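Below is one structure, written out as structure tokens; the observations come after it.
The values are calculated or read from the model by the stated rules, or taken from the named source; none is laboratory data. Computed from a predicted model, the values in this text were never measured in an experiment. Positions of Cβ are backbone-derived with ideal geometry, glycine not excepted, and every protein chain shown enters the neighbour counts. Note: accessible area is taken over every heavy atom of the protein model, side chains too, but ligands, DNA and RNA are not part of it. Shrake-Rupley method; radii C 1.70, N 1.55, O 1.52, S 1.80 Å.
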Amino acid sequence: MILEDALGLLLAHAGPRGWEYVEVGEGLIGRVLAEDISPASDVPRAHVCAKDGYLVRADGPWPGDARIVGECGPGETAGHIGPGEAIEAYSGCLVEDDRAALVPAEEVRPSRGLVSIGRKPEALENLIPRGSGARAGEAVLRRGHAITPLDVELLEMLGRRYARVYRRPSVAAISVGSEISLEAPSRTTRYLTVGGIVRALGGDFLNMGVVGDSPSAIASAVEEALAFADLVVTLGGTGPSARDVTYEAIRSLGPSEAFRGIDVADAARSGGAVVRGKPVLMLPGPRVPALNGAVLLLAPLVTASAGSAEKPYRVIRARIEGEVSPPRREMVWIRLEGGVAHPIRPDYYGVSLSAADGYFLGGPGEVGEEVEVHLPRFL
């Protein structure tokens, strides 16, 4: 099956399943907004002095002397400024008058209650304009945005105590058979990568352990996982034809949709289905095909299930080093160096992929000099 079609089929059944309010703080980092965030008033709510100096009216009788009639400190609001008057102001002073201008302290010398203004200033000169950060009612953070540490500070600044975010999607992983691990017959490791991707993209992960190469045992484990998980991932048991015990198990559950295999080398034995209205992803056992399938299929599914409007990777253009000519459509891992993409040929164990920065999809046939590189934000 074509990768894009397979992904579209699964994504049609992936999405956030509810929302909750979370207190503004470190616990919000990485959560996905389920609402637009808009300030109740302009930010800043008034003009703000950008430096120390003297506030005057720009339409005053300048050049000339101004009588100092007051003082305004950081966070305070300047009073009325009449023609020929000045207020000594400090950085952070708030100003309501649209005719005001701030003459920097280094330009003037006060003496005996007067300050000499040597030129005609412009209105709002040296003032940060009202609403220049954000306008009241206009969204500064959009629904579907994953919250960053800077966003938490912004929410604090806006006076928000809570933010509405989507519930974290729950992902259950089931390992099938002993062949998925070359480290030891009784030990599996692929769930570590799957769990890492899920958590990095805002999901909760549960490793449900290993089941044998029995379709009935696999089906039972998947049914158990579907009772609580939003997305189920199996690892292993996706061998060719008759040995594809995982696909056989999933078919026995009566899926509304199912496919076996995608058109990308190494990830070709990945499959998927929709069971009880939830996506079930079947990844191969060996490390490199499992990783490729997880990157191409799992990452977008988790992102969509988290309610994120953002891609699980960013895309750049890069010049490819050397000639690359895959015999079929292939996921080519690369290392970036100075805007040049250096292809990495994965070894069986995938050790070389620890040096990878991203990948591109190419082939069959020769790849052009420049490629579209995907840089995952979860590896």
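Observations on the structure shown:
- A single member of V302, V295 is touching a residue at least 24 places away in the same chain (Cβ under 8 Å), in contact with a helix residue (DSSP H, G or I) (Cβ under 7 Å, 6 or more places away or on another chain) and among the β-branched types (V, I, T), and it is V302.
- Within the set V222, V232, V194, the sole residue that is closer than 20 Å to G18 by Cα, open to solvent by less than 10 Å² (accessible area, probe 1.4 Å) and aliphatic (A, V, I, L, M) turns out to be V232.
- Elements of the type strands (runs of 3 or more DSSP E) sitting completely within region 11-125 and holding at least 1 residues that are over 42 Å from the mean Cα position of the chain (by Cα): these cover 53-57, 64-72, 85-89, 100-104, 114-117.
- If the condition is being surrounded by 14 or more Cβ atoms within 10 Å (Cβ to Cβ) and among the hydroxyl-bearing types (S, T, Y), then region 48-93 contributes Y54, Y90, S91.
- Scanning region 195-227 for residues that are among the hydrophobic types (A, V, I, L, M, F, W, C) and more than 18 Å from G254 (Cβ to Cβ) gives I197, V198, A200, L201, F205, L206, M208, V210, V211.
- When region 136-153 is filtered for residues that are more than 14 Å from the chain's Cα centre (by Cα) and open to solvent by 40 Å² or more (accessible area, probe 1.4 Å), the ones remaining, listed by number, are A136, G137, E138, V140, E153.
- Being open to solvent by less than 60 Å² (accessible area, probe 1.4 Å), closer than 21 Å to V371 by Cα and at pLDDT below 95 holds for only one residue in V324, V340, V332, and it is V324.
- Qualifying residue in region 286-298 (condition: more than 22 Å from R328 (Cβ to Cβ), open to solvent by 20 Å² or more (accessible area, probe 1.4 Å) and assigned to a loop (DSSP other than H, G, I, E, B)): no
- A single entry from V43, V24, V32 fulfils the requirement of being surrounded by 15 or more Cβ atoms within 10 Å (Cβ to Cβ) and under 30 Å from E107 (Cα atoms): V43.
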